[in-house]
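Contents: one structure, followed by commentary.
Read-outs: derived from the displayed coordinates by stated rules, not from any lab. Since this is a predicted model, take the numbers as computed values, not measurements. Note: ideal-geometry Cβ built from the backbone for every residue, glycine included; neighbour counts use all protein chains shown.
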Amino acid sequence: MAAAAVPGPGPVEAAAPGDEAAGAGPLGSGPARLARLPLARVKALVKADPDVTLASQEAVFVLARATELFVETIAKDAYVYAQQGKRKTLQRKDLDNAIEAIDEFAFLEGTLD
């Protein structure tokens, strides 16, 4: 028995890792992607490392997704400091405060100098 198409909002289709031809999610038309960073650019950055000879599409996808989650996390934590300053725009000092206050970001200390 085939499932009938239901008009209106439904489950969001996700592109398979490496399927860069899929829609751009909320920024463009077509189905949302699991990774929002352009995988071709992430792969180019990976290949820029002289120690890397091969990178599978799955590895590139995982790196892209991990990067997105990292940026989302640090931005949310920095936004708390922006709100304390009654601002909606993140400033460098908000990132500095988040890096200093949150143990998970200790590896970044001194990198924004």
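Observations, loosely collected:
- Cα-projected label distance for LEU34 with ALA75, points at 7 Å along beta-carbon direction, nm: 2.1 nm
- Residues of type lysines that LYS93 reaches as a straight line, Cα spacing below 22 Å, ignoring anything fewer than 8 places off in the same chain: LYS76
- Net length available on complete extension from ALA55 to LYS86 is 6.8 nm, with 0.36 nm assigned per residue and the Cα-Cα distance removed.
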